[in-house]
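For reference, the structure discussed in these notes is given below.
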Amino acid sequence: MTDIKSMELTEMADFFQALGEPAFRAKQVFQWLHRGACSFEEMSNLPKSLREKLSAACILHMPTVERKQVSAQDGTVKYLWRLADGNCIETVLMRYHHGNTVCISSQVGCRMGCAFCASTLGGKIRDLTPAELLDQVIFTQKDSGAVISNIVLMGIGEPLDNFEHVMRFLALVNHPEGLHIGMRHISLSTCGLTEKIDKLAEYRLQLTLSVSLHAPDDETRSRIMPANRSVGVERLFAACRRYFEKTGRRISYEYAMIDGVNDADWQADLLAKHLKGTPGHVNLIPLNHVEESPLKPSRRVSAFQKRLESQGITATVRRKLGGDIDASCGQLRRKSMQNG
């Protein structure tokens, strides 16, 4: 069975011709799928014979809402989607004055092992397909009625660990016959897979690369982010510099503030030293408490920010959304697994 929703339009045209159908049908089906059609029967401008042929040849899955939480504080919506194979993933809809942002997952689970993240508890189960990535945007928009203008690949999973499927998703979601969300409205977060950062740079996309840094020194970073042990901070920053040189795109550095772990003055100074000479932005994140983790939110966020700014580094504190609805990565899925 063919996963038709994971196809780019040119591939779909070839597929239709192989079925003995005219290539222009591909555009019609592509548009239906990206509007959230749940069956080929809905595609009323297709001949009945073609709809039957597609139903026999193609799989067309869509996620179902396993659980939905809406924040009474700020309107943030968290979805726990159940996939066709029974696995669950999370998507978060965040409402800002500049538009609606959807934070999507790239894998079922995660193998990166970051100590402060609930997504990695239980490890990685599998990669998401391009269609499953796309469906999070389509069906969040369809269920909520909110027009999505921005996408963040910062949910469950490491996007660059699912490189090929993520790249195909980016092409699909950017396509003018589909959702047509511009690359400058998309952010991709990575824990720092340097070879994949170099590979991404070759595409010269206008998206925003966000590096989950969380510590400027190897001892601390390797302790809370095991993926650092095979890379190291120096190699990571070198890859970031190459990325900027190739794309011209300023990198955002995500930094979860953890009490007594990564919030000392000397760590702010070391971070500023690493970033000197390369345009970048530090996004300080008040830590979301994870029940299974001993790590606690820092009480020095403001002091850390001021120390960075005093050395010429742009640093902001992320607005905390959905604090009343398990909105941090992996929390809702983890509770579902425990209750199941």
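The values are calculated or read from the model by the stated rules, or taken from the named source; none is laboratory data. What you see is a predicted model, and the numbers here were worked out from it, not measured in a lab. Glycine gets a Cβ as well: all are built from the backbone with ideal geometry, and neighbour counts include every protein chain shown.
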*From the list 54, 80, which residue is of a type outside the set (Lys, Arg), within 18 Å of the chain's Cα centre (by Cα) and not in a loop (DSSP other than H, G, I, E, B)?*
80
*Mind checking which pairs have a first residue in the range 254-283 that is more than 18 Å from residue 117 (Cα to Cα) and a second that is outside any helix (DSSP H, G or I) and acidic (Asp, Glu), Cβ under 8 Å, 6 or more apart or different chains?*
267/217; 270/217
_Cβ-Cβ under 6 Å pairs, at least 6 apart or on other chains, the range 132-153 side closer than 16 Å to residue 60 by Cβ and free of Cβ contacts under 8 Å to residues at least 60 places away in the same chain, far side buried (at least 18 other Cβ atoms within 10 Å of the Cβ) and not aliphatic (A, V, I, L, M)_ = 133/169
_I'd like to know if the range 215-225 contains one or more residues that are among the hydrophobic types (A, V, I, L, M, F, W, C), more than 20 Å from the chain's Cα centre (by Cα) and under 28 Å from residue 121 (Cα atoms)._
yes
*Here are 223, 204, 184: which of them is touching a helix residue (DSSP H, G or I) at 6+ places or on another chain (Cβ under 7 Å) and basic (Lys, Arg)?*
204
*Within the range 14-44, track down each residue that is touching a Phe, Trp or Tyr at 6+ places or on another chain (Cβ under 9 Å), among the hydrophobic types (A, V, I, L, M, F, W, C) and under 25 Å from residue 144 (Cα atoms).*
29, 32, 40, 43
*Would you tally the residues in the range 158-176 being touching a Lys or Arg at 6+ places or on another chain (Cβ under 6 Å) and over 13 Å from residue 133 (Cβ atoms)?*
1
*Restricting attention to the range 155-169, which residues are within 17 Å of residue 225 (Cβ to Cβ) and either hydroxyl-bearing (Ser, Thr, Tyr) or in contact with a Leu (Cβ under 8 Å, 6 or more places away or on another chain) (or both)?*
157, 158, 159, 160, 161
*asked:* If the requirement is being without any contact (Cβ under 8 Å) to a residue 60 or more places away in the chain, acidic (Asp, Glu) and either within 27 Å of residue 91 (Cβ to Cβ) or surrounded by 15 or more Cβ atoms within 10 Å (Cβ to Cβ) (or both), which of these qualifies: 52, 41?
replied: 41
*Which of (1) crowded, with 16+ Cβ neighbours inside 10 Å; (2) touching a Lys or Arg at 6+ places or on another chain (Cβ under 8 Å); (3) modelled with pLDDT of 95 or more does residue 76 not meet, given it meets every other one?*
(3)
*Residue among 260, 277 that alone is of a type in the set (Gly, Ala, Ser), under 20 Å from residue 314 (Cβ atoms) and assigned by TED's automatic domain parsing to the domain that holds residue 116*: 277
